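A.B. asks: Below is one structure. I have some questions about it.
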Amino acid sequence: MNDQTPISYPGETATPQEMLGLANHYRLAFDTLRKQKDGKAKTLIAPANLCAIHGIELYLQALLRLDGTAHSTIRGYQHELAEMAAQPSVVDLKLGQRTRAHLQSMTEQREYLIVRYAPDMTDARSELTRLAATLKELAEKVGHRFDAQNAPTPSGS
């Protein structure tokens, strides 16, 4: 291996639009998986939760990338959703109070790790309806920001 060749980090070259597309796919996966939940088996819903949380994270990351945040800075946030949500471009989305509180709670509860490795810890997991609401709000508001950024500017005024 050549010591002078930098090792790229997975996703480092992804465009904001590609990240948004991936977030949309995770949202669709969440919608599909949550319809198959079985209240008797706590771990069956974990894949849906993980898709929702990852989709939420991808929407935040896509927006940060759209607004010029370096990939290395975003990577430094790890899975700290509340820290990402505190960045000016996300604050500008004017997320609802419940959504902001939910992002904070998911960070404090380390929900990403719990859903991945200890899905039976149901006390530390978000309700599906709250995950769906947070995911939907981010999808809509981040999507609008992308649309506005890509809208043609009027010429010849």
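The values are calculated or read from the model by the stated rules, or taken from the named source; none is laboratory data. All values derive from a computational prediction rather than experimental measurement. Using ideal geometry, Cβ is built from the backbone for each residue, glycine included, and neighbour counts are taken over all protein chains shown. Please note that ligands, DNA and RNA were not included when accessible areas were found on the heavy atoms of the full protein model with its side chains. Shrake-Rupley method; radii C 1.70, N 1.55, O 1.52, S 1.80 Å.
A.B. asks: With every protein chain present, what accessible area does R75 have (1.4 Å probe, heavy atoms only), rounded to the nearest 10 Å²?
C.D. replies: Probe radius 1.4 Å; accessible area of R75 about 80 Å².
A.B. asks: Sorted by accessible area with a 1.4 angstrom probe, largest first, how do H79, H144 fall?
C.D. replies: H144, H79
A.B. asks: Note down the magnitude of the dipole of the range 35-138 about its Cα centre, charges +1 on Lys and Arg C-beta and -1 on Asp and Glu C-beta and zero elsewhere, to the nearest 20 debye.
C.D. replies: Charge dipole of the range 35-138: 320 debye, to the nearest 20.
A.B. asks: Keeping all protein chains in place, calculate the accessible area per residue for the range 8-152 (probe 1.4 angstrom), answer in Å².
C.D. replies: 56
A.B. asks: Further question on the same structure: How large is ³J(HN,Hα), in whole Hz, for each residue of the range 106-113 in order, when computed from phi with the Karplus curve 6.51 cos²θ - 1.76 cosθ + 1.60 and θ = phi - 60°, using x for Gly and Pro?
C.D. replies: Calculated HN-Hα couplings, in order: 4, 5, 4, 7, 6, 4, 4, 5 Hz.
A.B. asks: Beyond 14 Å, what percent of the Cα pairs of the range 65-134 remain?
C.D. replies: 63
A.B. asks: Take the solvent-accessible surface of the protein heavy atoms, probe 1.4 Å, and return the percent of it on the range 46-97 that carbon and sulfur atoms account for.
C.D. replies: 49
A.B. asks: Ordering T13, T73 by how much accessible area each has at a 1.4 Å probe, largest first, what is the list?
C.D. replies: Ranked list, largest accessible area first: T13, T73.
A.B. asks: Okay, next question. How much length would be gained if the chain were fully extended between A148 and V91, taking 0.36 nm per residue of separation minus their Cα-Cα distance, in nm to one decimal?
C.D. replies: 18.9 nm
A.B. asks: Also: For E140 and S105, what does the FRET efficiency come to when R0 = 22 Å and r is the distance between their Cβ atoms, rounded to the nearest 0.05?
C.D. replies: The formula returns an efficiency of 0.60 here.
A.B. asks: If you take the Cα Rg of the range 52-93 and divide it by 2.2 N^0.38 Å, with N the number of residues, what do you get?
C.D. replies: 1.00
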